[in-house]
Amino acid sequence: MKTTLTATLAATLAAVVLLAPGFAAAQTSAGSDAKPAAKSAKPAAKVAKKKPAVNANRTNLKTAAKNVAAGIEAAEDARTPDELAIAERVHVGKLPCELGASVTLTPDEKQAGYFDVQGKNFKYRMFPVATTTGAIRLEDQKAGAVWLQLANKSMLMNQKQGIRLADECMSPAQVAMAENMKTNPPASVLDAPKPADGKDAPAK
């Protein structure tokens with residue numbers, strides 16, 4: 001009986017000894033987990049405020065408004081069919097003028113009917129204007145400049161300044177016309193009209 005009790009106590013003691021390290025480790029682990037939890041309670045870091053995103057609808061409206069304004073401006077600058085027909089008759093290139101001067105006319109490739117007219121100390125952007133005389137007329141209304149093309153010569157004037165910038169400017173076609181006019185001068189408005197039968201009217 002005594003031997004059995006002793007064996008039982010020994011077995012119980014051995015079990016306690018075996019379980020003791022695990023129990024101690026569990027207690028240690030629980031303690032270590034609890035302490036950092038208390039210390040880790042720190043205030044949350046401040047989140048940087050983000051700038052509000054640009055309103056996409058507002059941007060689209062601004063873009064659309066700019067496109068509409070550009071379209072209106074282009075429509076206002078567009079030349080009429082009659083003006084475009086006049087533009088086709090303009091002599092372009094470098095035209096020599098009197099006193100060794102020259103004027104260069106260059107058609108605008110991006111906008112039909114417009115010309116860059118330039119020479120020494122001047123440059124104008126011109127477009128055709130209809131006339132009642134049949135002469136070809138280009139104007140830069142902002143600068144007050146006028147290019148007048150006749151059959152035998154052209155000239156450039158600045159109406160704001162009241163001066164003629166270039167005269168006797170001629171393209172090859174105008175040179176030929178000027179020579180023809182020398183040999184076959186046009187009838188003057190002061191000359192008496194010839195009768196219908198081609199005979200000179202009798203002197204009175």
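Just so you know, all these numbers are worked out from the coordinates, no wet-lab data involved. All of these numbers come straight from a predicted model, not from anything done at the bench. Cβ placement follows ideal geometry from the backbone for every residue including glycine, while neighbour counts extend to all protein chains displayed.
A few remarks follow.
- Gain in span if fully extended, T63 to A85, counting 0.36 nm per residue against the direct Cα distance: 4.4 nm
- Fewest-first ranking of L84, L99, L61, using other Cβ atoms within 10 Å as the exposure measure: L99, L61, L84
- Normalised by residue count, segment 81-183 yields a Cα convex hull volume of 110 Å³ per residue.
- In segment 91-130, the inverse of the mean reciprocal separation of distinct Cα atoms equals 10.8 Å; this is its Kirkwood hydrodynamic radius.
- Taking Cβ atoms as reference points and 14 Å as the exclusive limit, the residues near A143 contribute a net charge of +1, counting Lys and Arg as +1 and Asp and Glu as -1.
- Amide N of segment 95-120 lying under 13 Å from the label point, which is placed 7 angstrom from the Cα of E168 along Cα→Cβ: 96-102
- Between the beta carbons of A78 and N180, assuming R0 = 30 Å, the FRET efficiency works out to 0.20 to the nearest 0.05.
- Listed by Cβ neighbour count within 10 Å, with the fewest neighbours leading, D77, D116 appear as D77, D116.
- Taking the fewest neighbouring Cβ atoms within 10 Å as the starting point, the ordered list for V129, V146 is V129, V146.
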